[in-house]
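Notes follow once the structure below has been shown.
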Amino acid sequence: MSDPRRAIARTDAVLAEPRLAEAARELGRDTVKAAVVAAQRRARAGEITPDLVTETAIAALRTRGRPVINATGVVVHTNLGRAPLSASSRRAVLAATGCTDVEFDLESGRRARRGRAAMAALAAAVPDAGAVHVVNNNAAALLLCAIVLAPGREIVISRGELVEIGDGFRIPDLLSCTGARLREVGATNRTSVGDYAAAIGEHTGFILKVHPSNFVMTGFTAQATVSELAGLDVPLVVDIGSGLLRPHPVLPAEPDATSALAAGADLVTASGDKLLGGPQAGLLLGDHDLVERMRRHPAARALRVDKLTLAALEATLRGPTTPVGDALDADPGELLSRANVLAERLREAEVDAIAVGSTAAVGGGGAPGVPLPSAAVSLPERFATPLRTGTIPVVGRIEHGRYLLDLRSVDPADDEDVIRAVLACM
């Protein structure tokens, strides 16, 4: 018998396959060739048959960052990249890939403050802030606060706000690594302004109030308000987390930057890629002198954002509504109408699809426990894997043995792609 490995196609023959040739133009020939060689190696080892070399190489290339349709119903889905950028932000990022005036004044021909246009847009969005600054994420903003305001000193924080969020990230660990000491006050479920006041002393750097992410405490609970803590005559840093700059009618209990500053917070930290709907960024808003101290500290250089982030942030702040904003404001009745249209078209193709009411969520640590009435297209559970792994990946959620495509997190412009993706699974 002849050796089956002789059936493995030559590398140049595999690279000539139209799909791989197109991938080479997009990803570079070396990247595609490496995927082909790896697939050939698996065929020689007997892990796959020789006829699967091309498909295996293509599948490996698909594991690189790919656009995904978020049909989970989680508006700000951390595992799917959090906030999708608006069309204007995407155009701004594309423009910023070339040379820009990010740190240059075209009129004077001299160096200018980095990202001044984005900073001006952020300052205009939160006029109560005496100054603003941007770093690469909210954790970096808290890190900078600790480095600047509490080196070798104490940060007073409620035991009920020593939170852990995704991937094992814990607020206490972040703060302690700066050399600051945590002064925990109160109980897990109840902390009063008196608990904070009793802990303040000559070693206090600042008080930190953290918005709990991804959980809600109910029952016999109490917490000190921002206005109460603002009267304690030490710097007050409020981490609102989710990046809501102003109150939102759909999320009345969600903390926002404008309200926190009006209540007396000296500094507010927030994320740019959650409810704000922009790129990953950490926002620092508040007292002019404190923000300037942050901005001028050597650590700020290590935490600064690039020109693409600044471009996307400015466009987010100055442009039209974001996809996150549109999803939050979506009318449940209109969502159900969309679900009915999609389900009917799929049934015409003999797909077991029905429109159902559903409950979506904000996600990303924003508004935990707040349900968002929504609507979904319900499919048999067997669609889950092929939809996730298809040419147009569509990620939904499984409930009661059905695969739901929740439309609150799906841009209406993607409805046709959803239909095509489902039909491709038949």
Next item on the list: Quote to one decimal, in nm, the extra length available between Met217 and Glu334 on full extension: 0.36 nm per residue of separation minus the C-alpha distance between them.
Entry: 38.8 nm
Next item on the list: Estimate the FRET efficiency between Arg293 and Arg114 by the formula 1/(1 + (r/R0)^6), using the beta-carbon distance for r and 25 Å for R0, to the nearest 0.05.
Entry: 0.90
Note to self: If I fit a long axis through the Cα atoms of helix 332-348 and take the longest principal axis of the Cα atoms of the chain, what angle between them do I get, 0 to 90°, rounded to 10?
What the structure shows: 10
Check: Any idea how far the Cα center of segment 245-317 sits from the one of segment 217-233, in Å?
Finding: 22
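With charges only on Cβ, +1 for K and R and -1 for D and E, what is the dipole size of the chain about its Cα centre, in debye, rounded to 20? Walk me through the numbers on the way to the answer.
On the way: 46 positive and 50 negative charges, 305 e Å.
For the chain, the charge dipole is close to 1460 debye.
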Notebook entry, point to check: Which of Ala124, Ala43, Leu80 sits closest to the plus end of the dipole of segment 1-137, meaning its Cα is farthest towards the positive end, when Lys and Arg get +1 and Asp and Glu get -1 on the C-beta?
Noted result: Ala43
Notebook entry, point to check: What is the helix-to-structure angle for 307-318, meaning the angle in degrees between its Cα long axis and the longest Cα principal axis of the chain, kept from 0 to 90 and rounded to the nearest 10?
Noted result: 70
Check: Ignoring the sites themselves, what is the longest stretch of the chain with no GluC sites (Glu not before Pro) in a DSSP loop and at most 13 other beta-carbon atoms within 10 Å?
Finding: 203-349
Notebook entry, point to check: Going 7 Å from the Cα of Thr97 in the Cα-to-Cβ direction, what parts of segment 1-44 have a backbone nitrogen less than 19 Å from that spot?
Noted result: 22-32
Notebook entry, point to check: Separation between the Leu52 and Arg190 pseudo-spin-labels, each 7 Å from Cα along Cα→Cβ, expressed in nm?
Noted result: 6.2
Next item on the list: Calculate how steeply helix 116-125 sits against the longest principal axis of the alpha-carbon atoms of the chain, using the helix alpha-carbon long axis, and give the answer as 0 to 90 degrees to the nearest 10.
Entry: 70
Item checked: Given the chain, longest segment not containing exposed loop trypsin sites (Lys or Arg not before Pro) (DSSP; at most 14 other Cβ within 10 Å) -> 114-426
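Counting alpha carbon pairs within less than 8 Å and at least 6 residues apart, what relative contact order, in whole percent, applies to the chain? Write out the running numbers ahead of the final one.
On the way: 823 pairs, mean separation 83.5, N = 426.
Relative contact order for the chain comes out at 20 percent.
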Notebook entry, point to check: Label-point separation (nm) for Asp12 and Glu202, each offset 7 Å from Cα along Cα-to-Cβ?
Noted result: 8.1
Check: Among Leu317, Leu143, Leu52, whose mean-square fluctuation peaks in a Gaussian network model of the chain (Cα, cutoff 10 Å)?
Finding: Leu52
Check: Roughly how many debye, to the nearest 20, is the charge dipole of segment 333-410 about its Cα centre, given +1 on each Lys and Arg Cβ, -1 on each Asp and Glu Cβ, and no other charges?
Finding: 180
Notebook entry, point to check: How much area per residue is accessible in segment 42-163 when the probe is 1.4 Å and only protein heavy atoms are counted (Å²)?
Noted result: 49
Note to self: I'd like the accessible area for Ile207, computed on protein heavy atoms only with a 1.4 Å probe and all protein chains in place. Round to 10 Å², please.
What the structure shows: 0
Notebook entry, point to check: Between segment 368-415 and segment 62-96, how many Å separate their Cα centres?
Noted result: 16
Check: Can you give the extra length, in nm with one decimal, that the chain gains between Ala87 and Arg44 once fully stretched, where that is 0.36 nm per residue apart less the Cα-Cα distance?
Finding: 10.9 nm
Next item on the list: For segment 44-146, give the magnitude of the charge dipole about the Cα centre (Cβ charges: +1 Lys/Arg, -1 Asp/Glu; no others), in debye to the nearest 20.
Entry: 100
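When the helix-only estimate is applied to the chain (DSSP H runs of n ≥ 4, each -39,500 (n - 2.57), divided by the residue count), what is the mean residue ellipticity at 222 nm, nearest 500 deg cm²/dmol? Could you put the intermediate results ahead of the total?
Values: 18 runs with 163 residues, N = 426.
About -11000 deg cm²/dmol.
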Notebook entry, point to check: Using all Cα-Cα distances in segment 180-337, what percent lands in each 5 angstrom bin from 0 up to the longest?
Noted result: 2, 8, 14, 18, 19, 15, 11, 7, 4, 1, 1, 0, 0
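R0 = 35 Å: FRET efficiency of His248 with Asp306, Cβ-based, nearest 0.05? If you can, show how the numbers build up before the last one.
Values: r = 29 Å, r/R0 = 0.83.
Taking R0 as 35 Å, the efficiency between His248 and Asp306 is 0.75.
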Note to self: Let me make sure I get this right: for segment 220-308, a, b and c are the square roots of the gyration tensor eigenvalues over alpha carbons, sorted descending. Under 1.5 in a/c it's rounded, otherwise prolate if a/b > b/c, else oblate. Which is it?
What the structure shows: oblate
Next item on the list: Within the chain, what's the longest run with no chymotrypsin sites (Phe, Trp or Tyr not before Pro) in a DSSP loop and at most 13 other beta-carbon atoms within 10 Å? Give the range, please.
Entry: 221-426
Checklist line | Listed residue (Cys99, Ala23, Ser89) projecting farthest to the positive dipole end of segment 1-139, Cβ model | finding: Ala23
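The values are calculated or read from the model by the stated rules, or taken from the named source; none is laboratory data. Remember, predicted model here, so these are calculated numbers, not experimental data. Here the Cβ is made from the backbone with ideal geometry for all residues, glycine too, and neighbour counts use every protein chain on show. When the accessible area is computed, the model is the full protein with side chains, heavy atoms only, and any ligands, DNA or RNA have been set aside. Shrake-Rupley method; radii C 1.70, N 1.55, O 1.52, S 1.80 Å.
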